[in-house]
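Below: the structure, in C-alpha coordinates.
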Amino acid sequence: MNVTLRLKPFSAAKLKRTAELEGGVHPFWYMGVDNTDGHLLVNGRYLRTGDRVDIYLDVVHELCHVKQWMDGRELFDYQYDYVDRPTEIEAYRYTVLEAKRLGWQGTHFGVLED
(Lines give C-alpha, C1' and ligand atoms only; values in the text may rest on other atoms or scores of the structure.)
Protein backbone atom coordinates (compact mmCIF):
# COMPACT_ATOMS: atom_id res chain seq x y z
CA MET A 1 0.00 0.00 0.00
CA ASN A 2 1.35 3.43 -0.95
CA VAL A 3 0.51 6.38 1.26
CA THR A 4 0.91 10.00 0.26
CA LEU A 5 1.15 12.47 3.10
CA ARG A 6 0.43 16.09 2.34
CA LEU A 7 1.48 18.51 5.05
CA LYS A 8 0.27 22.08 5.11
CA PRO A 9 2.84 24.58 6.45
CA PHE A 10 1.69 26.90 9.20
CA SER A 11 2.25 30.61 9.53
CA ALA A 12 4.67 32.32 11.89
CA ALA A 13 1.67 33.77 13.75
CA LYS A 14 0.20 30.30 14.30
CA LEU A 15 3.62 29.02 15.39
CA LYS A 16 4.03 31.86 17.88
CA ARG A 17 0.51 31.43 19.24
CA THR A 18 0.97 27.66 19.62
CA ALA A 19 4.42 28.01 21.16
CA GLU A 20 3.05 30.50 23.67
CA LEU A 21 0.35 28.01 24.65
CA GLU A 22 3.02 25.41 25.27
CA GLY A 23 5.10 27.56 27.61
CA GLY A 24 7.37 29.79 25.56
CA VAL A 25 8.11 31.14 22.13
CA HIS A 26 10.49 28.86 20.27
CA PRO A 27 12.82 30.63 17.83
CA PHE A 28 12.50 27.80 15.31
CA TRP A 29 10.31 24.76 15.48
CA TYR A 30 10.41 21.95 12.95
CA MET A 31 7.22 20.05 13.75
CA GLY A 32 4.88 19.58 16.63
CA VAL A 33 1.42 18.53 17.67
CA ASP A 34 -1.18 21.11 18.64
CA ASN A 35 -2.28 20.00 22.09
CA THR A 36 -5.71 21.62 21.69
CA ASP A 37 -6.93 19.42 18.85
CA GLY A 38 -4.09 17.02 18.00
CA HIS A 39 -3.25 18.28 14.53
CA LEU A 40 0.28 18.25 13.17
CA LEU A 41 2.09 21.58 12.84
CA VAL A 42 4.92 21.83 10.31
CA ASN A 43 7.30 24.74 9.84
CA GLY A 44 7.02 25.79 6.21
CA ARG A 45 10.70 26.65 5.87
CA TYR A 46 11.69 23.24 7.17
CA LEU A 47 9.24 21.56 4.80
CA ARG A 48 10.71 23.47 1.84
CA THR A 49 14.41 23.19 2.71
CA GLY A 50 14.82 20.25 5.07
CA ASP A 51 16.36 16.91 4.21
CA ARG A 52 13.61 14.57 3.00
CA VAL A 53 14.71 11.70 5.27
CA ASP A 54 14.84 14.02 8.29
CA ILE A 55 11.37 15.32 7.46
CA TYR A 56 10.06 11.76 7.06
CA LEU A 57 11.52 10.68 10.41
CA ASP A 58 10.11 13.80 12.08
CA VAL A 59 6.69 12.89 10.65
CA VAL A 60 7.03 9.37 12.10
CA HIS A 61 7.91 10.88 15.49
CA GLU A 62 5.10 13.43 15.45
CA LEU A 63 2.45 10.99 14.20
CA CYS A 64 3.29 8.88 17.24
CA HIS A 65 2.39 11.97 19.30
CA VAL A 66 -0.84 12.41 17.32
CA LYS A 67 -1.78 8.82 18.23
CA GLN A 68 -0.84 9.45 21.86
CA TRP A 69 -3.02 12.58 21.86
CA MET A 70 -5.92 10.61 20.33
CA ASP A 71 -5.49 8.05 23.13
CA GLY A 72 -5.85 10.85 25.71
CA ARG A 73 -2.23 10.87 26.85
CA GLU A 74 -0.59 14.04 28.17
CA LEU A 75 1.99 15.19 25.62
CA PHE A 76 3.40 18.12 27.57
CA ASP A 77 3.74 16.70 31.07
CA TYR A 78 6.09 19.19 32.68
CA GLN A 79 6.72 17.02 35.73
CA TYR A 80 9.30 15.36 33.43
CA ASP A 81 12.22 16.86 31.58
CA TYR A 82 11.63 16.64 27.82
CA VAL A 83 13.95 13.65 27.36
CA ASP A 84 12.34 11.79 30.26
CA ARG A 85 8.71 12.15 29.17
CA PRO A 86 7.18 8.74 28.51
CA THR A 87 5.55 10.07 25.34
CA GLU A 88 8.92 11.29 23.99
CA ILE A 89 10.68 8.04 24.82
CA GLU A 90 7.99 6.11 22.94
CA ALA A 91 8.06 8.47 19.93
CA TYR A 92 11.86 8.34 19.71
CA ARG A 93 11.78 4.55 19.98
CA TYR A 94 9.54 4.31 16.89
CA THR A 95 11.64 6.90 15.07
CA VAL A 96 14.90 5.07 15.75
CA LEU A 97 13.40 1.76 14.68
CA GLU A 98 12.21 3.33 11.42
CA ALA A 99 15.60 4.99 10.85
CA LYS A 100 17.30 1.63 11.32
CA ARG A 101 14.83 0.03 8.91
CA LEU A 102 15.95 2.65 6.37
CA GLY A 103 19.59 1.71 6.97
CA TRP A 104 20.63 4.31 9.55
CA GLN A 105 23.54 3.08 11.68
CA GLY A 106 24.54 6.29 13.42
CA THR A 107 24.40 7.12 17.07
CA HIS A 108 23.61 10.85 17.05
CA PHE A 109 20.24 10.32 18.75
CA GLY A 110 22.22 9.04 21.74
CA VAL A 111 19.01 8.20 23.59
CA LEU A 112 17.76 4.73 22.77
CA GLU A 113 18.97 1.32 21.86
CA ASP A 114 16.78 -1.65 20.92
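The values are calculated or read from the model by the stated rules, or taken from the named source; none is laboratory data. Keep in mind it's a predicted model, so treat the numbers as computed, not measured. Methodologically, a virtual Cβ is constructed for each residue, glycine included, from the backbone with ideal geometry; neighbour enumeration extends over all protein chains shown.
Per-structure values
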| read-out | value |
| --- | --- |
| Helices (runs of 4 or more DSSP H) contained entirely in the stretch 1-90, each with at least 1 residues that are loosely packed, with under 15 Cβ neighbours inside 10 Å, basic (Lys, Arg) and at pLDDT 80 or above | 52-70 |
| Yes/no for LEU41 being among the hydrophobic types (A, V, I, L, M, F, W, C) and in contact with a helix residue (DSSP H, G or I) (Cβ under 8 Å, 6 or more places away or on another chain) | yes |
| Residue ID - surrounded by the fewest Cβ atoms within 10 Å (Cβ to Cβ), chosen from residues in the stretch 91-103 that are among the basic types (Lys, Arg) and closer than 17 Å to VAL53 by Cβ | ARG101 |
| Answer residue from the stretch 91-114, given it is of a type in the set (Val, Ile, Thr) and out of contact with any Leu (no Cβ under 9 Å at 6 or more places or on another chain) and is modelled with the highest pLDDT among those | THR107 |
